[in-house]
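The values are calculated or read from the model by the stated rules, or taken from the named source; none is laboratory data. Bear in mind that the values here come from a model prediction, so they are computed numbers and not experimental data. Note that each Cβ is placed from the backbone with ideal geometry, even for glycine, and that neighbours are counted across all protein chains shown.
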């Protein structure tokens, strides 16, 4: 069954119950990680700042920095992308909104990065339609769900990104299992996939033109999905 067909065939009440449980598991997992490792790449399950920044480079290839724009950062964690933008694009006029499931993450982000043009909100999806939306890593850690349930949720998250974006959105996926998680961490199932089904879903169901980026030194790929009606 295709991703789109499975999503369409799911009952709304059943989806809400499954999604609620999955979101709760993810929120608990990341709140525990930031409590253990602090506002660091390890606190959001990245190995170091260099690889975290390399992912941001790919995701932000979607954006036109020559003109002002608004940006939704879905799964913003402690605000690492906000810090990256300040370092690498200090002159850019960006209306930034970070959204994360974890209050612990958002509290740290607000303490470190809140300023005019930078806001943070607890939530699952973008509450506004911004020029662009980005999501770093939110599709990759499935805590406690079946692969089928997780893929239905991934499809819904991608649809949320499309609804929240005027010009497009970007997201990354893991292609091969990375090193085993820390022995003291909660059990995690890394969601690994190939790009083709998600490219098809974004093109056929979400009406986007999709560019895939890979070969940047990690076992993952990035999708840049540009909205067909922009």
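Results, tabulated for the structure shown:
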| read-out | value |
| --- | --- |
| Within the range 64-101, considering residues that are out of contact with any helix residue (DSSP H, G or I) (no Cβ under 9 Å at 6 or more places or on another chain) and under 15 Å from residue 126 (Cβ atoms), the one surrounded by the fewest Cβ atoms within 10 Å (Cβ to Cβ) | 95 |
| Checklist (1) touching a residue at least 60 places away in the same chain (Cβ under 8 Å); (2) under 22 Å from residue 220 (Cα atoms); (3) touching a strand residue (DSSP E or B) at 6+ places or on another chain (Cβ under 7 Å) applied to residue 156, failing item | (3) |
| Wholly enclosed helices (runs of 4 or more DSSP H) of the range 1-64 bearing at least 3 residues within 18 Å of residue 145 (Cα to Cα) and modelled with pLDDT of 60 or more | 12-37 |
| Residue that is nearest to residue 20 (Cα to Cα), among those in the range 101-124 that are without any contact (Cβ under 8 Å) to a residue 60 or more places away in the chain and out of contact with any strand residue (DSSP E or B) (no Cβ under 6 Å at 6 or more places or on another chain) | 122 |
| Residue tally, condition over 19 Å from the mean Cα position of the chain (by Cα) and assigned to a strand (DSSP E or B), over the range 104-124 | 1 |
